[in-house]
Amino acid sequence: MSGASERAYEKIRTLLIQEQYAPGSRLSESELSQKCGVSRTPVREALRRLALEYFVRIEPNRGAFVIDWSREDIIDMFEMRSMMEGLAARKAAERATPKQILGLSKIVIDIEEIANKAGNDMMSSFLSLNREFHEIIFAASGSPRLKETISRFVEQAVVVRTAAQFTPEDVMRSNQHHKELVNAIKIKNGVLAESIMRVHILAASSRYYDGYMPGGLKGEIKTG
């Protein structure tokens, strides 16, 4: 991807995360090219990438539209994430190297520090550290295919928006799961690591329901 396409991708992705465009709305290439300061070709390339990450859908002869998630889509997505990331955590407990465990431990400390400070850049820092934490888990699982499959879910707009809504208290609760997960990996308890990760994902999902689906899903997400 060219530099112009990368800039367009980052800009459009940010606009979508910030909900500058309503679900289901059509994205104008000419408008986006002006906002991104690039020609329409890089915008098209960026939209194709965002379609692969389920931020937008592209319809032949009609253009790109913001993904409008259905209730069933959201339930399925979080349940599949919990199962796949749970599997990755179990494998990580069996295969993680000392260096990877040290990296996970450091991220737990870093997240705790930014949550306690709760500065203006807290959320940006948390999103970056949280992503790095989960990427280490995927790498430690030792399964490239599993990592590739999970990554497509982690990049989805629903996932990013969920974390973007976190308060400092939410971040601390999430990081407590991280801490427990690291301990499970240290003692090579794969069953425990899988259980913690599944709870971690499904607990985060409740934040999405609170923010985007008033009243939640009334227990429709199953934990096992």
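Brief remarks on what is shown
- The residue of the stretch 95-108 that is nearest to the chain's Cα centre (by Cα), among those that are under 15 Å from LYS147 (Cβ atoms) and in a helix (DSSP H, G or I), is GLN100.
- Scan the stretch 1-44 for residues that are in contact with an Asp or Glu (Cβ under 6 Å, 6 or more places away or on another chain) and in contact (Cβ under 8 Å) with a residue 40 or more places away in the chain and the total you get is 3.
- Matching option when the condition is among the acidic types (Asp, Glu), under 22 Å from the mean Cα position of the chain (by Cα) and part of a loop (DSSP other than H, G, I, E, B), among GLU72, GLU19, GLU85: GLU19
- Pairs with Cβ under 7 Å, 6+ apart, first in the stretch 104-119 and touching a residue at least 40 places away in the same chain (Cβ under 8 Å), second basic (Lys, Arg): VAL108/LYS179
- Tally of residues being modelled with pLDDT under 50 and either assigned to a helix (DSSP H, G or I) or not polar (S, T, N, Q) (or both) across the stretch 179-224: 10
The values are calculated or read from the model by the stated rules, or taken from the named source; none is laboratory data. This is a predicted model, so every value here is computed, not measured. When we count neighbours, we look across all protein chains shown, and the Cβ atoms used for this are built from the backbone with ideal geometry, even at glycine.
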